[in-house]
Amino acid sequence: PSCLLDVIARATLAYLNAQVAAGAQAVMVFDTWGGALAPSEYREFSLRYMQYLVEGVTREREGRRVPLILFTKGGGQWLGEMAGTGCDALGVDWTTDLADARRAVADRVALQGNLDPGVLYAPPNEIRVQVGKVLASYGRGHGHVFNLGHGIHPDVPPKHALAMVEAMHELSPQYHI
């Protein structure tokens, strides 16, 4: 008999593969509650299923590579293990320093993140400062996709999101060589 997580994993795999077949350029698996689990429970109830998805997702379609990104909110302590699944990238929330994350994965995978979404409530000049801190934390080199460390809040002023994007475009060339 299958447990509920097995059923969800099979449905998720079918959904991700349908997205790839429909032309998705990348797919991402979110585990928003994984960081609340104890280590053994994380490995059993999250990482095991992420491994299943990594192994089953179609990673190439019509001659193009389709990257698979894994994300566990609050899962900074498991980044090394997550990198070992064979995924292409890991999302990193704002509670983990990118320098620490980079050391944990030893450049085996790309990292995506990790500006605190709450920063977007600050004035644009402070948003720029915080974008610079995220970029500096990752450091120079390839393998970083700048992003928020989780979703954008619905009441963030659009001009603040624009300030983040503009700061990233202005500041990132010195890091992303």
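Scanning the range 117-134 for residues that are in contact with a Gly (Cβ under 9 Å, 6 or more places away or on another chain) and part of a strand (DSSP E or B) turns up nothing.
Does residue 72 qualify as being under 26 Å from residue 130 (Cα atoms), open to solvent by 50 Å² or more (accessible area, probe 1.4 Å) and of a type outside the set (Phe, Trp, Tyr)? No, not satisfied.
Residue selection: residue 172 fails the criterion of being under 27 Å from residue 54 (Cβ atoms), outside any loop (DSSP other than H, G, I, E, B) and among the polar types (S, T, N, Q). Looking only at the range 33-43, decide whether some residue is touching a residue at least 40 places away in the same chain (Cβ under 8 Å) and open to solvent by less than 40 Å² (accessible area, probe 1.4 Å). Yes: the range 33-43 contains one or more residues that are touching a residue at least 40 places away in the same chain (Cβ under 8 Å) and open to solvent by less than 40 Å² (accessible area, probe 1.4 Å).
When the range 97-111 is limited to residues that are out of contact with any helix residue (DSSP H, G or I) (no Cβ under 8 Å at 6 or more places or on another chain) and either at pLDDT 95 or above or not charged (D, E, K, R) (or both), the one that is surrounded by the fewest Cβ atoms within 10 Å (Cβ to Cβ) turns out to be 103. Checking each residue in the range 161-172 for being open to solvent by less than 100 Å² (accessible area, probe 1.4 Å) and of a type outside the set (Gly, Ala, Ser) picks out 162, 164, 165, 168, 171. In the range 146-160, of all residues being crowded, with 16+ Cβ neighbours inside 10 Å and hydrophobic (A, V, I, L, M, F, W, C), the one that is nearest to residue 88 (Cα to Cα) corresponds to 146. Taking the range 143-156 as the range and being out of contact with any strand residue (DSSP E or B) (no Cβ under 8 Å at 6 or more places or on another chain) and either touching a residue at least 12 places away in the same chain (Cβ under 8 Å) or small (Gly, Ala, Ser) (or both) as the test, the residues that pass are 150, 151, 152, 153, 156. Checked against the criterion of being open to solvent by 50 Å² or more (accessible area, probe 1.4 Å) and either among the charged types (D, E, K, R) or free of Cβ contacts under 8 Å to residues at least 12 places away in the same chain (or both), the range 85-96 contains not a single residue that satisfies it.
Per the listing 129, 134, the residue uniquely among the β-branched types (Val, Ile, Thr), surrounded by fewer than 22 Cβ atoms within 10 Å (Cβ to Cβ) and modelled with pLDDT of 95 or more is 129.
Set side by side, the residues 103, 108, 140 differ, and just one is touching a Phe, Trp or Tyr at 6+ places or on another chain (Cβ under 7 Å), without any contact (Cβ under 8 Å) to a residue 40 or more places away in the chain and not small (Gly, Ala, Ser), which is 140.
The values are calculated or read from the model by the stated rules, or taken from the named source; none is laboratory data. Quick caveat, the model's predicted, so the values are computed rather than measured. Note: ideal-geometry Cβ built from the backbone for every residue, glycine included; neighbour counts use all protein chains shown. Please note that ligands, DNA and RNA were not included when accessible areas were found on the heavy atoms of the full protein model with its side chains. Shrake-Rupley method; radii C 1.70, N 1.55, O 1.52, S 1.80 Å.
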